[in-house]
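To start, the structure under review is shown below, and the notes come after it.
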Amino acid sequence: MTTTKRAASALALGAAIALLASGCAGRAAPGGLDNVQTITWWHNSTQTAAKDYYDKVANDFERDHPGVNVEVTALEHSDMLARLDATLESDDPEQVPDVFMSRGGGELEGEVAAGVTRDLTKVAAEELAKISRFTNDYTVDGKVYALPYSMGIVGFYYNTDLFEQAGITEVNPSPTIDEFNGWIDQLQAAGIPPISVGAGDKWPAAHYWFYNVVRECTYDTVEAAIASKSYADPCFLRAGESLSALVAKQPFNEGYATTAAQEGPTSASGLLANGQVAMELAGHWEPGLVGGLRADGTVPDTLSWFAYPTFPGQAGDPLDQMGGGDAWEVSTSAPDVAVDLAKYLLSDEVQKGFAELNMGLPTNPAAADSIAFPALQDLVAVRDKASRAPQLYLDTRLGSKIGDPLVAEIYKVFTGESGAQQVVDAINAAANGSTE
């Protein structure tokens, strides 16, 4: 599993550096060589099979590059983000890992402006040619600064048994909002909680408004709003109105406003994993997460997937989806061989193994047939029907100074403290430097 959490609190730099050793177990530096060159590589694949796989990848790279030692640090995702934030803000380029994960968007733009990440446009031209449809969110001023290796979309994972208990025997993989609302009504009539949402962590709730924007607004409208710092187009208001209409149906699990997203059996993912709700809006990480939250550690055969509903008269392309990916950046202070490691991580061999373990959705087309879980195969089919890559999560696209206040205001829609106009006001205020 790759991305599991999408937000993290900042940690002090000293604490970040002091704790690094905790993620670096299980591998030894190559012996018997003088002038060993060390590459530091941070990733967030902490489950045993995934962590072991990346250790093997590092060993294979060392085998093919005598005199190179890859120092691998596996970190839980929120911890990794906090440590990256601390190192990137330290003004000490030597503290930045040589190869590390990127989420693109405004975050990457800040790293480029700070001069901490390499331009990979020419040195990785061959790899970029294979994955060109996924590079837009990792491009700044026409230059590519990260190599996307996994690109997923958000959609609804659902329990087929609970749907059948509610009399829902046919599920359109790309439903309309009317079909979706009908399923909610049937589930409620059967006494089955329709949807879990980890609104206590805020970002899962924000996904609903983000996706409504993809449906109600054209891609060009969103990009123009970001560039002009004005969200006056009525489509942004409609996105909030559609969200308010869903919240009014009361489809969510009891106590959803304080429910955690992914940690433990009472989290939103835990409720889905253990058959206590019928569905959850989540990303490509969900199957692996669900398996880890079940007593037997397996992904249930009853877990399936459908795309986010489309709306009547929507301005957005119905094939467009929302999601995000992970990419490999190389720091400006890294040795040149670190670029070779980042490129190796995009190779056919590594991406196929990545897909076979359900660690994410590979961007290398050669690995598409290696995806193991059927629901993820369905997801990739929907992802690849679109004419463009998934539209990036808006908070990531905008960066934290705008994204954080926006997410906080969307959360208030779920608690009944805000509405469609207030969300538009919040993003306009944040985009123009005021959160009053």
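Read the figures in this text as sums done on the coordinates, not as results from a lab. Predicted model only: the values in this text are computed from it and were never measured. Here the Cβ positions follow ideal geometry from the backbone for every residue, glycine too, while neighbour counts run over all protein chains shown.
Springs between alpha-carbon pairs under 10 angstrom, Gaussian network model over the chain: which of Gly324, Gly110, Gly155 fluctuates most?
Fluctuation is largest for Gly110.
Of the peptides 353-361, 396-404, how do they stack up when ordered by the mean number of other Cβ atoms within 10 Å, highest first?
Going from most to least packed, we get 353-361, 396-404.
Need one number: % antiparallel among DSSP beta bridges in the chain, to the nearest 5.
If I count the DSSP bridges inside the chain, around 60 percent turn out antiparallel.
Which of the DSSP-defined H helices in the chain satisfy a minimum axial length of 15 Å, computed from C-alpha atoms, and a minimum mean Kyte-Doolittle hydropathy of -1.0?
Both cut-offs are met by 77-88, 177-189, 203-216, 234-248, 374-385, 400-414, 420-431.
What residues have an amide H closer than 5 Å to that of Glu71, excluding those fewer than 5 places away on the same chain, when H is modeled at 1.01 Å from N in the peptide plane?
Distant-sequence amide H within range of Glu71: Ile39, Thr40, Trp41.
To the nearest Å, what is the center-to-center distance of the stretch 333-368 and the stretch 61-128, using C-alpha atoms only?
Cα centroid to Cα centroid, the span is 14 Å.
Which is farthest toward the positive dipole end of the chain among Phe252, Gln314, Pro300, measuring Cα position about the Cα centre, with Cβ charges +1 (Lys, Arg) and -1 (Asp, Glu)?
Highest projection toward the positive end goes to Gln314.
So what's the back-of-envelope 222 nm ellipticity for the chain, counting only DSSP H runs of four-plus at -39500 (n - 2.57) apiece and dividing by all residues, rounded to 500?
Dividing the helical sum by the residues of the chain leaves -12500 deg cm²/dmol.
Order of 93-99, 385-391 by packing, highest average Cβ count within 10 Å first?
The most tightly packed comes first, giving 93-99, 385-391.
Taking a quarter of the surface of the Cα convex hull of the stretch 294-436, what do you get in nm²?
13.7
Quick check on the chain: what does the Kirkwood estimate of hydrodynamic radius come out to from the alpha carbon pairs, in Å?
22.3
Given the pairs Lys249/Lys412; Lys343/Lys401; Lys229/Lys401; Lys249/Lys385, which are separated by over 21 angstrom at their Cα positions?
Violating the 21 Å Cα-Cα cut-off are Lys343/Lys401; Lys249/Lys385.
Can you give the direction-averaged projected area of the convex hull of the alpha-carbon atoms in the stretch 113-200, in nm²?
Averaged projected hull area, Cα only: 9.8 nm².
Could you tell me how far the Cα centroid of the stretch 180-197 sits from the Cα centroid of the stretch 281-329, in Å?
18
Relative to the compact-globule scaling 2.2 N^0.38 Å, provide the ratio for the alpha-carbon radius of gyration of the stretch 66-131.
In units of the 2.2 N^0.38 Å rule of thumb, it is 1.25.
Counting other C-beta atoms within 10 Å, which of Phe210, Phe306, Phe61 has the fewest, and how do the rest follow?
Phe61, Phe306, Phe210
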